[in-house]
1. Where in the stretch 29-104 are there helices (runs of 4 or more DSSP H), lying fully within it, with 1 or more residues that are small (Gly, Ala, Ser)?
2. Does Val213 satisfy the criteria of being among the β-branched types (Val, Ile, Thr), closer than 16 Å to Thr28 by Cβ and either at pLDDT below 90 or in contact with a strand residue (DSSP E or B) (Cβ under 9 Å, 6 or more places away or on another chain) (or both)?
3. Let me spell it out: the conditions are (1) modelled with pLDDT of 90 or more; (2) loosely packed, with under 12 Cβ neighbours inside 10 Å; (3) more than 20 Å from the chain's Cα centre (by Cα), and Gly254 meets all of them except one. Which number is the exception?
4. Condition first: within 30 Å of Gln221 (Cβ to Cβ), under 16 Å from the mean Cα position of the chain (by Cα) and either in a helix (DSSP H, G or I) or at pLDDT below 85 (or both). Can you find one or more residues in the stretch 111-133 that meet it?
5. If you go through the stretch 117-159 one residue at a time, how many are surrounded by 11 or more Cβ atoms within 10 Å (Cβ to Cβ), closer than 30 Å to Pro103 by Cα and of a type in the set (Phe, Trp, Tyr)?
6. Consider Thr73 carefully, then state whether it is over 23 Å from Thr210 (Cα atoms), hydroxyl-bearing (Ser, Thr, Tyr) and under 27 Å from the mean Cα position of the chain (by Cα).
7. Can you work out which of the residues in the stretch 1-57 that are among the charged types (D, E, K, R) and over 13 Å from Tyr165 (Cβ atoms) is modelled with the lowest pLDDT?
Amino acid sequence: MISPLAYWRVSSADQRRILGIITTFGSTTVFGIPIVGAVYGARGVIYASLFNIAYRILLYTYVYIRMSKQQVTLRQMMKILVNPIVVATLLGLGCWLFQPLAPHVIVGQHLVAFYRIDQTAPWLYQPLQYLASLAAPLSWLLVGCALGSRLSPTEILTDRLAWYYGALKSFMVPAVCLGSVEACQLVGIGQVSLTGIAAIALLMCSPTSTIPVVYSVNYHQYPLMTAKCSIVSNITSIMALPVWLVVLNLIRVGG
């Protein structure tokens, strides 16, 4: 909804397509969810994780198709659906939904599903957490190795399109999402708690997701532009975060 209006002055249709993708998809897992958890606790993480499920599936399906410019065929769709990330996301959702039906074990004073390895097998959970924490930095390292010699700090920080994108990603996108949710609630279309609304706004404030940037490098889809936008969006997201926390607190106080 935002991208066609925001980037109408960009002459290249391919550039507009890429800018639309990186405007929509942010680094919710690395940036958004930890902040939501720190501010709103476990309840906020649940809302953010539910929002993130569809987000992750779209990243590895829709974004992959759009960035690679491949035609949608049955064979291609099957290849996408067996992507380990998509499979793991759906499997994790199933495990979470069917916890009451799974065999339970007693850990300390709590009864938990046997596959809650954070409780039942911390010796396995901790190494997996370390590996999960490496995923995004490895993506950043890949982008840095591929593009570092082709971009200077001055070139990045003086790019007007990158700063325009950063302001749009960190301020306008969360504002539109927040306004849309509030408008839906006013007319009685669905009800979302204040924690859920805050989670959505903070997730949409996240800087550029690393996945589209990696795709842009792999498929030669304006990698320099996406790299510059990604770097600048990290700066603008840090600037925007206190603003959104104040706005969300005012909404909470105002009821």
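1. 33-60, 62-68, 84-97
2. Answer is yes for this residue.
3. All conditions pass for Gly254, except number (1).
4. yes
5. Total satisfying the criteria: 1.
6. Details: over 23 Å from Thr210 (Cα atoms): yes; hydroxyl-bearing (Ser, Thr, Tyr): yes; under 27 Å from the mean Cα position of the chain (by Cα): yes.
In short, yes.
7. Out of the qualifying residues, it is Arg56.
Residues are listed down the side, and each one gets a yes or a no for (1) buried (at least 18 other Cβ atoms within 10 Å of the Cβ); (2) under 24 Å from Gly179 (Cα atoms); (3) under 10 Å from the mean Cα position of the chain (by Cα):
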| residue | (1), (2), (3) |
| --- | --- |
| Leu5 | no, yes, no |
| Arg9 | no, no, no |
| Ser12 | no, no, no |
| Thr23 | yes, yes, no |
| Phe31 | yes, yes, yes |
| Tyr40 | yes, yes, no |
| Val63 | yes, no, no |
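The values are calculated or read from the model by the stated rules, or taken from the named source; none is laboratory data. Values in this document were obtained by computation on a predicted structure and should not be read as measured data. Here the Cβ is made from the backbone with ideal geometry for all residues, glycine too, and neighbour counts use every protein chain on show.
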